[in-house]
Amino acid sequence: MADISDSTLVFFMKATPEQWDYALSLYKEVLKLKAAKRTTKKGPEELINLDTWYQEQLQKIILSRKEPHIILEELIQITKWKLIRGKFRPRLMDLVKINTETAVKKTSIKAFRKLPNISHAITALTTLKGVGPATASAILAAGYPEQVAFMADESMLSTPGVEAADYTLAEYLNYHEQIKNCSDRLNKKNPEGKWTPHKVELTLWTHYLAQEMKPSLLEGMPKADLEKDPIIPNGKSNSHEPNKQSEETPTNDVTEKEQDDSSKELDNSHDLKVSSSPAFGSGLVKSEDSNLDSSLLSEGTEDKIKNNETEVLEEPATKKVRVQ
(Lines give C-alpha, C1' and ligand atoms only; values in the text may rest on other atoms or scores of the structure.)
Protein backbone atom coordinates (compact mmCIF):
# COMPACT_ATOMS: atom_id res chain seq x y z
CA MET A 1 0.00 0.00 0.00
CA ALA A 2 1.60 3.25 -1.14
CA ASP A 3 1.45 6.44 0.91
CA ILE A 4 0.75 9.89 -0.54
CA SER A 5 4.27 11.02 0.40
CA ASP A 6 5.99 8.11 -1.35
CA SER A 7 8.15 8.70 -4.40
CA THR A 8 6.81 7.39 -7.70
CA LEU A 9 9.41 4.62 -7.59
CA VAL A 10 7.91 3.41 -4.30
CA PHE A 11 4.43 3.92 -5.74
CA PHE A 12 5.33 1.60 -8.62
CA MET A 13 6.25 -1.19 -6.22
CA LYS A 14 3.64 -0.78 -3.48
CA ALA A 15 0.49 0.85 -4.88
CA THR A 16 -2.80 -1.04 -4.97
CA PRO A 17 -4.96 -1.19 -8.13
CA GLU A 18 -7.24 1.40 -6.51
CA GLN A 19 -4.31 3.73 -6.02
CA TRP A 20 -3.19 3.25 -9.62
CA ASP A 21 -6.73 4.09 -10.77
CA TYR A 22 -6.75 7.24 -8.66
CA ALA A 23 -3.36 8.46 -9.91
CA LEU A 24 -4.39 7.91 -13.53
CA SER A 25 -7.60 9.89 -12.94
CA LEU A 26 -5.42 12.96 -12.24
CA TYR A 27 -3.80 12.89 -15.68
CA LYS A 28 -5.67 15.76 -17.33
CA GLU A 29 -5.36 17.98 -14.27
CA VAL A 30 -1.61 17.38 -14.08
CA LEU A 31 -1.32 17.96 -17.84
CA LYS A 32 -2.91 21.40 -17.38
CA LEU A 33 -0.34 22.22 -14.71
CA LYS A 34 2.42 21.14 -17.09
CA ALA A 35 0.91 23.16 -19.94
CA ALA A 36 0.70 26.27 -17.76
CA LYS A 37 4.46 26.09 -17.16
CA ARG A 38 5.24 25.72 -20.85
CA THR A 39 5.75 28.96 -22.80
CA THR A 40 4.84 28.50 -26.45
CA LYS A 41 3.57 30.89 -29.09
CA LYS A 42 0.10 29.33 -28.87
CA GLY A 43 0.04 29.25 -25.06
CA PRO A 44 -0.98 26.38 -22.74
CA GLU A 45 -3.76 25.27 -25.08
CA GLU A 46 -1.22 23.99 -27.60
CA LEU A 47 -0.10 21.11 -25.38
CA ILE A 48 -3.65 20.34 -24.24
CA ASN A 49 -4.93 20.18 -27.82
CA LEU A 50 -1.97 18.11 -29.01
CA ASP A 51 -2.43 15.69 -26.13
CA THR A 52 -6.13 15.26 -26.84
CA TRP A 53 -5.29 14.53 -30.47
CA TYR A 54 -2.56 12.05 -29.51
CA GLN A 55 -4.45 10.23 -26.75
CA GLU A 56 -7.97 10.19 -28.19
CA GLN A 57 -7.87 10.58 -31.97
CA LEU A 58 -4.60 9.41 -33.51
CA GLN A 59 -5.09 5.68 -32.92
CA LYS A 60 -8.40 5.72 -34.80
CA ILE A 61 -6.75 7.57 -37.70
CA ILE A 62 -3.84 5.12 -37.90
CA LEU A 63 -5.98 1.97 -37.72
CA SER A 64 -8.55 3.30 -40.21
CA ARG A 65 -5.99 3.04 -43.01
CA LYS A 66 -5.75 -0.10 -45.14
CA GLU A 67 -2.19 -0.55 -43.91
CA PRO A 68 -1.67 1.18 -40.54
CA HIS A 69 0.84 4.00 -40.87
CA ILE A 70 1.45 7.66 -40.12
CA ILE A 71 2.12 10.51 -42.53
CA LEU A 72 4.81 13.22 -42.31
CA GLU A 73 2.49 15.81 -40.75
CA GLU A 74 1.52 13.33 -38.03
CA LEU A 75 5.19 12.57 -37.33
CA ILE A 76 5.79 16.30 -36.92
CA GLN A 77 2.81 16.63 -34.57
CA ILE A 78 3.87 13.59 -32.50
CA THR A 79 7.36 15.04 -32.15
CA LYS A 80 5.97 18.43 -31.15
CA TRP A 81 3.71 16.78 -28.54
CA LYS A 82 6.68 14.87 -27.13
CA LEU A 83 8.89 17.96 -26.94
CA ILE A 84 6.33 20.28 -25.33
CA ARG A 85 5.19 17.61 -22.87
CA GLY A 86 8.79 16.75 -21.96
CA LYS A 87 12.04 18.57 -22.71
CA PHE A 88 11.95 20.94 -25.66
CA ARG A 89 14.79 20.47 -28.17
CA PRO A 90 14.11 22.62 -31.26
CA ARG A 91 16.84 21.08 -33.42
CA LEU A 92 15.07 17.73 -33.22
CA MET A 93 12.06 19.21 -34.97
CA ASP A 94 14.28 20.54 -37.77
CA LEU A 95 15.62 17.05 -38.38
CA VAL A 96 12.16 15.45 -38.42
CA LYS A 97 10.94 17.91 -41.05
CA ILE A 98 13.67 16.74 -43.45
CA ASN A 99 11.92 13.36 -43.89
CA THR A 100 9.89 12.80 -47.04
CA GLU A 101 6.24 11.78 -47.13
CA THR A 102 7.13 8.51 -48.87
CA ALA A 103 9.82 7.59 -46.34
CA VAL A 104 7.51 8.21 -43.36
CA LYS A 105 4.67 6.16 -44.84
CA LYS A 106 6.78 3.18 -45.95
CA THR A 107 8.83 3.09 -42.75
CA SER A 108 5.83 3.31 -40.43
CA ILE A 109 3.99 0.58 -42.36
CA LYS A 110 7.04 -1.64 -41.95
CA ALA A 111 7.32 -0.83 -38.24
CA PHE A 112 3.68 -1.50 -37.38
CA ARG A 113 3.86 -4.82 -39.25
CA LYS A 114 6.74 -5.93 -37.01
CA LEU A 115 4.69 -5.66 -33.81
CA PRO A 116 4.54 -7.33 -31.35
CA ASN A 117 8.32 -7.50 -31.82
CA ILE A 118 8.97 -4.09 -30.28
CA SER A 119 12.73 -4.20 -30.79
CA HIS A 120 12.38 -4.70 -34.56
CA ALA A 121 9.61 -2.11 -34.81
CA ILE A 122 11.67 0.59 -33.07
CA THR A 123 14.75 -0.28 -35.10
CA ALA A 124 12.75 0.24 -38.29
CA LEU A 125 11.46 3.66 -37.21
CA THR A 126 14.86 4.95 -36.12
CA THR A 127 15.98 4.91 -39.76
CA LEU A 128 13.93 8.09 -40.15
CA LYS A 129 15.77 11.38 -39.60
CA GLY A 130 15.37 12.81 -36.10
CA VAL A 131 13.66 9.67 -34.78
CA GLY A 132 15.31 7.86 -31.87
CA PRO A 133 13.89 5.18 -29.56
CA ALA A 134 11.79 7.68 -27.58
CA THR A 135 10.05 9.18 -30.61
CA ALA A 136 9.69 5.71 -32.13
CA SER A 137 7.97 4.49 -28.95
CA ALA A 138 5.59 7.46 -29.14
CA ILE A 139 4.63 6.48 -32.70
CA LEU A 140 4.07 2.82 -31.79
CA ALA A 141 2.14 3.66 -28.59
CA ALA A 142 -0.13 5.96 -30.59
CA GLY A 143 -1.23 3.07 -32.81
CA TYR A 144 -1.01 0.15 -30.38
CA PRO A 145 -1.15 1.38 -26.75
CA GLU A 146 -2.09 -2.12 -25.59
CA GLN A 147 1.36 -3.31 -26.68
CA VAL A 148 3.72 -0.35 -26.34
CA ALA A 149 4.59 2.23 -23.66
CA PHE A 150 5.96 5.66 -24.51
CA MET A 151 9.53 6.34 -23.33
CA ALA A 152 8.74 9.39 -21.15
CA ASP A 153 11.55 10.61 -18.88
CA GLU A 154 9.31 10.78 -15.84
CA SER A 155 7.97 7.26 -16.38
CA MET A 156 11.42 5.79 -16.89
CA LEU A 157 12.78 7.36 -13.70
CA SER A 158 9.83 5.90 -11.81
CA THR A 159 10.54 2.34 -12.94
CA PRO A 160 12.65 -0.07 -10.82
CA GLY A 161 15.87 -1.11 -12.52
CA VAL A 162 15.92 1.87 -14.89
CA GLU A 163 18.61 4.16 -13.53
CA ALA A 164 18.83 6.82 -16.22
CA ALA A 165 17.12 7.96 -19.39
CA ASP A 166 19.83 7.01 -21.89
CA TYR A 167 17.50 6.92 -24.91
CA THR A 168 18.99 3.68 -26.20
CA LEU A 169 17.10 0.68 -27.52
CA ALA A 170 18.54 -1.54 -24.77
CA GLU A 171 17.40 0.86 -22.05
CA TYR A 172 13.96 1.15 -23.60
CA LEU A 173 13.51 -2.63 -23.76
CA ASN A 174 14.52 -2.93 -20.09
CA TYR A 175 12.02 -0.21 -19.17
CA HIS A 176 9.27 -1.70 -21.31
CA GLU A 177 9.67 -5.14 -19.77
CA GLN A 178 9.07 -3.68 -16.30
CA ILE A 179 6.05 -1.71 -17.52
CA LYS A 180 4.55 -4.77 -19.24
CA ASN A 181 5.03 -6.91 -16.11
CA CYS A 182 3.32 -4.22 -14.07
CA SER A 183 0.29 -4.05 -16.37
CA ASP A 184 -0.02 -7.86 -16.23
CA ARG A 185 0.16 -7.79 -12.42
CA LEU A 186 -2.52 -5.09 -12.18
CA ASN A 187 -4.82 -6.99 -14.54
CA LYS A 188 -4.52 -10.13 -12.41
CA LYS A 189 -5.52 -8.19 -9.31
CA ASN A 190 -8.26 -6.26 -11.07
CA PRO A 191 -9.34 -7.73 -14.44
CA GLU A 192 -11.82 -4.87 -14.89
CA GLY A 193 -8.98 -2.34 -14.89
CA LYS A 194 -7.94 -3.21 -18.46
CA TRP A 195 -4.40 -2.03 -17.84
CA THR A 196 -2.07 -1.61 -20.81
CA PRO A 197 1.61 -0.62 -20.95
CA HIS A 198 0.56 2.84 -22.13
CA LYS A 199 -1.85 3.30 -19.20
CA VAL A 200 0.85 2.27 -16.74
CA GLU A 201 3.30 4.74 -18.29
CA LEU A 202 0.69 7.54 -18.19
CA THR A 203 0.01 6.84 -14.52
CA LEU A 204 3.69 7.01 -13.59
CA TRP A 205 4.06 10.28 -15.51
CA THR A 206 1.06 11.70 -13.68
CA HIS A 207 2.16 10.62 -10.21
CA TYR A 208 5.73 11.87 -10.77
CA LEU A 209 4.63 15.36 -11.85
CA ALA A 210 1.87 15.59 -9.23
CA GLN A 211 4.50 15.00 -6.54
CA GLU A 212 6.71 17.62 -8.13
CA MET A 213 4.18 20.37 -8.94
CA LYS A 214 1.20 19.89 -6.62
CA PRO A 215 1.48 17.10 -4.01
CA SER A 216 -1.90 17.99 -2.55
CA LEU A 217 -3.52 16.35 -5.58
CA LEU A 218 -2.50 12.99 -4.15
CA GLU A 219 -4.22 13.56 -0.80
CA GLY A 220 -7.37 11.86 -2.08
CA MET A 221 -5.53 8.66 -2.94
CA PRO A 222 -7.19 5.60 -1.33
CA LYS A 223 -5.57 4.53 1.94
CA ALA A 224 -5.30 1.20 3.69
CA ASP A 225 -8.52 -0.36 4.97
CA LEU A 226 -7.58 -0.80 8.63
CA GLU A 227 -10.59 -3.01 9.32
CA LYS A 228 -9.55 -5.49 6.64
CA ASP A 229 -5.82 -5.26 7.23
CA PRO A 230 -5.04 -3.36 10.44
CA ILE A 231 -1.44 -2.22 10.78
CA ILE A 232 0.56 -2.46 13.99
CA PRO A 233 3.83 -0.63 14.82
CA ASN A 234 6.18 -3.47 13.83
CA GLY A 235 4.84 -3.31 10.29
CA LYS A 236 2.94 -6.61 10.44
CA SER A 237 -0.74 -7.13 9.96
CA ASN A 238 -2.95 -8.05 12.90
CA SER A 239 -4.43 -10.71 10.69
CA HIS A 240 -1.56 -12.86 11.93
CA GLU A 241 -1.97 -14.06 15.50
CA PRO A 242 0.69 -12.78 17.90
CA ASN A 243 3.04 -15.34 19.42
CA LYS A 244 1.59 -16.67 22.65
CA GLN A 245 3.84 -16.84 25.67
CA SER A 246 4.42 -20.25 27.15
CA GLU A 247 2.11 -20.86 30.07
CA GLU A 248 4.88 -22.83 31.79
CA THR A 249 7.39 -19.94 31.87
CA PRO A 250 6.43 -16.79 33.81
CA THR A 251 7.39 -13.53 32.10
CA ASN A 252 9.47 -12.36 35.09
CA ASP A 253 11.68 -15.50 35.06
CA VAL A 254 13.79 -14.40 32.06
CA THR A 255 17.45 -14.56 33.06
CA GLU A 256 20.00 -11.78 32.46
CA LYS A 257 21.84 -14.02 29.99
CA GLU A 258 18.65 -14.57 27.96
CA GLN A 259 17.99 -10.82 27.93
CA ASP A 260 21.52 -10.19 26.69
CA ASP A 261 21.22 -12.85 23.98
CA SER A 262 17.84 -11.44 22.93
CA SER A 263 19.32 -7.94 22.61
CA LYS A 264 22.12 -9.26 20.41
CA GLU A 265 19.63 -11.04 18.18
CA LEU A 266 17.62 -7.86 17.77
CA ASP A 267 20.74 -5.89 16.90
CA ASN A 268 21.80 -8.51 14.35
CA SER A 269 18.29 -8.60 12.92
CA HIS A 270 18.34 -4.83 12.50
CA ASP A 271 21.72 -4.93 10.77
CA LEU A 272 20.48 -7.65 8.44
CA LYS A 273 17.42 -5.68 7.44
CA VAL A 274 19.47 -2.57 6.72
CA SER A 275 22.11 -4.38 4.71
CA SER A 276 19.53 -6.21 2.62
CA SER A 277 17.43 -3.16 1.82
CA PRO A 278 17.21 -2.64 -1.95
CA ALA A 279 19.04 0.40 -3.22
CA PHE A 280 17.85 2.26 -6.26
CA GLY A 281 19.76 4.72 -8.36
CA SER A 282 18.77 8.35 -8.31
CA GLY A 283 17.91 8.14 -11.99
CA LEU A 284 19.49 11.40 -13.07
CA VAL A 285 18.58 12.32 -16.63
CA LYS A 286 21.43 13.25 -18.90
CA SER A 287 21.04 16.69 -20.39
CA GLU A 288 20.07 16.31 -24.03
CA ASP A 289 20.65 20.02 -24.63
CA SER A 290 24.36 19.58 -23.97
CA ASN A 291 24.41 16.64 -26.37
CA LEU A 292 22.83 18.75 -29.07
CA ASP A 293 25.42 21.49 -28.81
CA SER A 294 28.45 19.21 -28.72
CA SER A 295 29.87 16.31 -30.65
CA LEU A 296 30.52 13.99 -27.73
CA LEU A 297 30.33 10.64 -29.43
CA SER A 298 31.40 7.35 -27.91
CA GLU A 299 34.32 5.46 -29.41
CA GLY A 300 33.28 3.60 -32.54
CA THR A 301 30.10 5.65 -33.02
CA GLU A 302 31.24 7.03 -36.39
CA ASP A 303 31.24 3.54 -37.91
CA LYS A 304 27.85 2.81 -36.39
CA ILE A 305 26.38 5.97 -37.93
CA LYS A 306 27.34 4.72 -41.39
CA ASN A 307 25.55 1.46 -40.70
CA ASN A 308 22.45 3.10 -39.17
CA GLU A 309 23.16 1.37 -35.86
CA THR A 310 22.83 4.45 -33.65
CA GLU A 311 20.36 7.20 -33.06
CA VAL A 312 23.02 9.89 -33.54
CA LEU A 313 22.28 11.84 -36.70
CA GLU A 314 24.05 14.58 -38.61
CA GLU A 315 22.59 17.94 -39.42
CA PRO A 316 23.33 19.53 -42.78
CA ALA A 317 25.88 21.77 -41.03
CA THR A 318 27.81 18.62 -39.96
CA LYS A 319 26.98 19.02 -36.29
CA LYS A 320 26.17 15.64 -34.78
CA VAL A 321 22.89 15.53 -32.93
CA ARG A 322 21.72 12.85 -30.55
CA VAL A 323 18.02 12.25 -30.93
CA GLN A 324 15.44 10.44 -28.89
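Which condition breaks for LEU128 when tested against (1) part of a loop (DSSP other than H, G, I, E, B); (2) of a type in the set (A, V, I, L, M); (3) closer than 24 Å to LYS14 by Cβ?
In the conditions (1) part of a loop (DSSP other than H, G, I, E, B); (2) of a type in the set (A, V, I, L, M); (3) closer than 24 Å to LYS14 by Cβ, LEU128 misses (3) alone.
What number goes with the only condition from (1) crowded, with 17+ Cβ neighbours inside 10 Å; (2) more than 21 Å from the chain's Cα centre (by Cα); (3) under 18 Å from ASP51 (Cβ atoms) that ASN99 does not pass?
Here ASN99 meets the rest and fails (3).
Checking LEU95 against (1) over 30 Å from PRO44 (Cβ atoms); (2) in contact with a Lys or Arg (Cβ under 6 Å, 6 or more places away or on another chain), only one condition comes out false. Which one?
(1)
Cβ-Cβ under 9 Å, sequence separation 6+ or interchain: first residue in segment 193-222 and aromatic (Phe, Trp, Tyr), partner part of a loop (DSSP other than H, G, I, E, B). Which pairs?
Short answer, once both residue conditions are applied: TRP205/PHE150; TRP205/ALA152; TRP205/SER158; TYR208/SER7; TYR208/ALA152; TYR208/LEU157; TYR208/SER158.
Has segment 126-142 got any residue that is hydroxyl-bearing (Ser, Thr, Tyr) and either in contact with a strand residue (DSSP E or B) (Cβ under 6 Å, 6 or more places away or on another chain) or over 14 Å from ALA111 (Cβ atoms) (or both)?
No.
Identify, from the list THR16, THR8, THR102, the residue that is more than 18 Å from THR203 (Cβ to Cβ) and hydroxyl-bearing (Ser, Thr, Tyr).
Values: THR16 fails: more than 18 Å from THR203 (Cβ to Cβ); THR8 fails: more than 18 Å from THR203 (Cβ to Cβ).
Only one candidate passes the filter, namely THR102.
Among the listed residues ILE71, ILE78, which satisfies the condition of being open to solvent by 30 Å² or more (accessible area, probe 1.4 Å), touching a residue at least 12 places away in the same chain (Cβ under 8 Å) and of a type in the set (Val, Ile, Thr)? Quick ask: steps written out before the conclusion?
Numbers: ILE78 fails: open to solvent by 30 Å² or more (accessible area, probe 1.4 Å).
So the residue among ILE71, ILE78 that is open to solvent by 30 Å² or more (accessible area, probe 1.4 Å), touching a residue at least 12 places away in the same chain (Cβ under 8 Å) and of a type in the set (Val, Ile, Thr) is ILE71.
If a residue has to be without any contact (Cβ under 8 Å) to a residue 24 or more places away in the chain, open to solvent by 40 Å² or more (accessible area, probe 1.4 Å) and not basic (Lys, Arg) to count, how many in segment 102-117 make the cut?
So the count comes out to 2.
Just to confirm my filter: which helices (runs of 4 or more DSSP H) fall fully inside segment 28-107 and include at least 3 residues that are β-branched (Val, Ile, Thr) and under 22 Å from TYR144 (Cα atoms)?
Working: elements: 45-52, 58-63, 72-85, 90-96.
Result: 72-85.
Out of curiosity, is ALA2 among the aliphatic types (A, V, I, L, M), free of Cβ contacts under 8 Å to residues at least 40 places away in the same chain and either closer than 22 Å to VAL148 by Cα or surrounded by 14 or more Cβ atoms within 10 Å (Cβ to Cβ) (or both)?
no
Only residues that are more than 17 Å from GLU212 (Cβ to Cβ), polar (S, T, N, Q) and in contact (Cβ under 8 Å) with a residue 60 or more places away in the chain: list them for segment 5-39, please.
THR16, GLN19
Being in a helix (DSSP H, G or I) and open to solvent by 10 Å² or more (accessible area, probe 1.4 Å) narrows it down to one residue among LEU202, LEU186; which is it? So that I can check it myself, show each step before the final result.
Details: LEU186 fails: open to solvent by 10 Å² or more (accessible area, probe 1.4 Å).
It is LEU202.
Check whether at least one residue in segment 138-153 is open to solvent by 10 Å² or more (accessible area, probe 1.4 Å), touching a Leu at 6+ places or on another chain (Cβ under 9 Å), touching a residue at least 12 places away in the same chain (Cβ under 8 Å) and more than 21 Å from THR196 (Cα to Cα), and report yes or no.
Within segment 138-153, not a single residue is open to solvent by 10 Å² or more (accessible area, probe 1.4 Å), touching a Leu at 6+ places or on another chain (Cβ under 9 Å), touching a residue at least 12 places away in the same chain (Cβ under 8 Å) and more than 21 Å from THR196 (Cα to Cα).
The values are calculated or read from the model by the stated rules, or taken from the named source; none is laboratory data. All values derive from a computational prediction rather than experimental measurement. Glycine gets a Cβ as well: all are built from the backbone with ideal geometry, and neighbour counts include every protein chain shown. Ligands, DNA and RNA are stripped out before the accessible areas are found, and what is left, the full protein with its side chains, is counted by its heavy atoms. Shrake-Rupley method; radii C 1.70, N 1.55, O 1.52, S 1.80 Å.
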